[in-house]
Amino acid sequence: MYQDPYQRRYRKLRVSLTAACNYACTYCVPDGKKLLKAKHEMSVEQFIQAVSLIVESAGIEQLRITGGEPLLSNKLEAFLVGLKPLNIPELCLTTNGQFLEQKLPALLDAGVSRINVSLDTLDPVRFKEICRGGDLNVVLRGIDRAIESGVKLKINMVPLKQHNADQVVPMLEYCLERGIELRYIELMKMGHLAQGDGFLQEFWSMKSLLDQISERYDYAPTQAPVDSTAVRFQIPGKGEFGVIANESKPFCRSCSRLRLSSAGFIYGCLSNTRRHYIADLLSLERDKGLASMHQILTNAMKDKQDLNFTGETTVMKMIGG
Ligand code: SF4
């Protein structure tokens, strides 16, 4: 088992099934261009081989399928079928929700038990301004179907000072009314936001959003798993919400995440340019493949930050956040 001096070990694998996305969110893509088809992505067979070597090598307990937008990928169904024999304890997905209503049955059949939907506003005009793609009503319908299905659902919202900070409380009310946990994600210095003043122009801190919420609700801190990225709060009689406070309350010391990109790179840390190409070891015999993967995972653990995320120029959708 890989364990570093901070007793960090891998537990969660995030797989970016494709870098393609039907949105061009302002905080992810600087120029508004959508990447509808990404080049040089692994085949389904390569993805499954890679995941199976990582799971056996690192003892992964949770796999989260991300993107770009994973539901956009024509490999999704075959990938889900290929994962079944690996018996990964927990299968999760993060999506922008545009294809959720359509793909939900296949996701549930494959044993996906947790779904996070990225939604930054309930205002259709603001939605278009931020996402630069998609249709808000389609996402809301997908959320309703997911609620009806009983799958564990969370909403991820990125509060932006100049775009949707006034939506912090309306989004919370929308989620509380539906018994969904809302996760506010502090903006990250990723991609084009790693340089220049774009980040500071839009950063809306945990303190700012808690101040807004305290005008409407009483809330108190509540429990969260050791390696959770979120600070969690409870509103008595109403429900819970969380804040992934990357800037205000870094969580690197308990980081248990490993990332696999669609181009065949392993990332030990989101905030490190170092990456490890694995596609060429996928054709090795099992023992040799496991030995090479062991070396790579050992090195990748060394890429993690000591204390906090410092920023990285890689575009988020290339590694699935
Ligand atoms: S910045 Fe790196 S070490 Fe810190 S939480 Fe993110 S992935 Fe983990």
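The values are calculated or read from the model by the stated rules, or taken from the named source; none is laboratory data. It should be emphasised that the depicted structure is a prediction, and the values quoted were computed from it without experimental measurement. Note that each Cβ is placed from the backbone with ideal geometry, even for glycine, and that neighbours are counted across all protein chains shown. The protein model used for the area step is the full one, side chains on, heavy atoms only, and it has no ligands, DNA or RNA in it. Shrake-Rupley method; radii C 1.70, N 1.55, O 1.52, S 1.80 Å.
Values computed for the structure shown
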{"quantity": "Residue satisfying condition, being among the aliphatic types (A, V, I, L, M), open to solvent by 20 Å² or more (accessible area, probe 1.4 Å), assigned to a helix (DSSP H, G or I) and in contact (Cβ under 8 Å) with a residue 24 or more places away in the chain, within set L172, L200, L176", "calculated": "L176"}
{"quantity": "Any chance L209 is assigned to a helix (DSSP H, G or I), touching a strand residue (DSSP E or B) at 6+ places or on another chain (Cβ under 6 Å) and of a type outside the set (G, A, S)", "calculated": "yes"}
{"quantity": "Residue tally, condition open to solvent by 30 Å² or more (accessible area, probe 1.4 Å) and either under 17 Å from I54 (Cβ atoms) or not β-branched (V, I, T) (or both), over the stretch 68-97", "calculated": "11"}
{"quantity": "Filtered residues of the stretch 273-285 (kept if within 16 Å of the ligand (Cβ to nearest atom) and out of contact with any helix residue (DSSP H, G or I) (no Cβ under 9 Å at 6 or more places or on another chain))", "calculated": "T273"}
{"quantity": "Selected residue (criterion: surrounded by the most Cβ atoms within 10 Å (Cβ to Cβ)) from residues of the stretch 218-260 that are hydroxyl-bearing (S, T, Y) and without any contact (Cβ under 8 Å) to a residue 40 or more places away in the chain", "calculated": "T229"}
{"quantity": "Residue among K189, K152 that alone is under 17 Å from F309 (Cα atoms) and open to solvent by 40 Å² or more (accessible area, probe 1.4 Å)", "calculated": "K189"}
{"quantity": "Exclusive hit being part of a helix (DSSP H, G or I), among the aliphatic types (A, V, I, L, M) and open to solvent by 30 Å² or more (accessible area, probe 1.4 Å), set L284, L307, L297, L290", "calculated": "L290"}
